[in-house]
Amino acid sequence: MENELDLRERICRAFTTDITVAGGAREAVIANFFLALILIFSTDSGLVILSVIIVFTFSHGYIVYLTKKDTKFFKVLYFITLVIFWFIDLFNQKIPDNYNSVLDFIKNNSKIFYGVMIGLYIGYEFLNKKHEKIESKNTKKLVQEKLEIEQKYQSLLSEILKSESYIKKSSSDILKLLFERYKLDSSCRITLFHNKVASRAPEFFYIMERYSTGGEQAHFKPEDEYSTSIGALNLTWKEQLFKDAGNCPEYKDKGKPNKVEYGKKGYIKYQEDNFFIDNNIISKMRMKPCDFIGLKFTHENEFHIILLFESRKKGKLLSLDVQEINRFLTNNYLHNYLLLNSIFINFLSSKKQAEVNSDLMRAATKSKADLTQEYDKENSNG
């Protein structure tokens, strides 16, 4: 699986491209413009002015075209022109009296003139090829360096992804530490909730870890959503430190029918009145707790975790002091450790999702022929 690593940086365009005017080489456009301007102001004929404007428009378009083809074209042309005039000036000093003009001299020395032009062209092509070769070499070097960086990035990312199980285990170990410190039993469990998307007011929390010695009470699905508008989660979110112990009746599912029915009704009524949880939700709950202690911790007002202590036994958590639990977690920096674990788990999840999306995109863009070829290859290997 590949993750594209973008190594590009924004720089000023003038560092890499020549400055243009109206899309063309600056010197050529300015010269063309002033030549047209001089011709226009030097005549009173409307026809001449119109002709100059038409010629100027076409010549400007050609300048833009040549600039796009090769930004150095006019600089080279300027250099060649200077060399030609230098040779003309040199030959002018040696022109015999029988030559009436420079043109006559060039005409009678055409071999020398064309030889010089060909030599200049060959020199230009040689320098241009040399420049392209150096540029190609530098490009290959940059590509190789980019590939090496990408390989290191992929290796590092692979190691980070492997560390997810360690992060979850370390979080579970903290929950186990709390479970044993406060002498909880199989009727209890501790759940670590967190928000997956940075938000000041998340609508849902997800279970990151859960610890219990009560068998299936520790079971959870990481993808299940828990609303912050109901339950002990809601009150912990609002109050930051929350405790409700010894008040809610136990949910009875064993015993005499009349007592069982009475216990269920009392539990359901208390949950509806205090936690806004109806019987439909209660019937789906694997564990039906009646004692609650909740603690909320926040990082930069965007990342949140909630530690929720629960028990099926009425009054089991009554002796626990929520303030003391808070002090224990903060004094030992355990809350920060859990917060960082949550942030890191979210980072890993986003990377995994990005890789899945990348795979799906590649699969979606494969042609029928590609898929057929892969199928045939797999069958031949099998």
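Structure data summary
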quantity: Selection from region 294-319 of residues that are among the hydrophobic types (A, V, I, L, M, F, W, C), farther than 12 Å from Trp237 by Cα and touching a helix residue (DSSP H, G or I) at 6+ places or on another chain (Cβ under 7 Å); calculated: Phe303
quantity: Residue in region 179-188 that is touching a strand residue (DSSP E or B) at 6+ places or on another chain (Cβ under 6 Å) and either in a helix (DSSP H, G or I) or without any contact (Cβ under 8 Å) to a residue 24 or more places away in the chain (or both) present; calculated: yes
quantity: Residue tally, condition at pLDDT 90 or above, assigned to a loop (DSSP other than H, G, I, E, B), of a type outside the set (Ser, Thr, Tyr) and surrounded by fewer than 19 Cβ atoms within 10 Å (Cβ to Cβ), over region 225-265; calculated: 6
quantity: Failed condition for Pro222, given (1) in a helix (DSSP H, G or I); (2) out of contact with any helix residue (DSSP H, G or I) (no Cβ under 7 Å at 6 or more places or on another chain); calculated: (1)
quantity: Residue within region 289-306 that is modelled with pLDDT of 90 or more, part of a loop (DSSP other than H, G, I, E, B) and not aromatic (Phe, Trp, Tyr) present; calculated: yes
quantity: Test: residue in region 203-212 that is part of a strand (DSSP E or B) and more than 28 Å from the chain's Cα centre (by Cα); calculated: yes
quantity: Some residue of region 161-183 being of a type in the set (S, T, N, Q) and farther than 27 Å from Phe204 by Cα; calculated: no
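The values are calculated or read from the model by the stated rules, or taken from the named source; none is laboratory data. These numbers were taken from a predicted model, which means no experiment stands behind them. Reconstructed Cβ throughout: ideal geometry from the backbone, glycine too, with neighbour counts over all protein chains shown.
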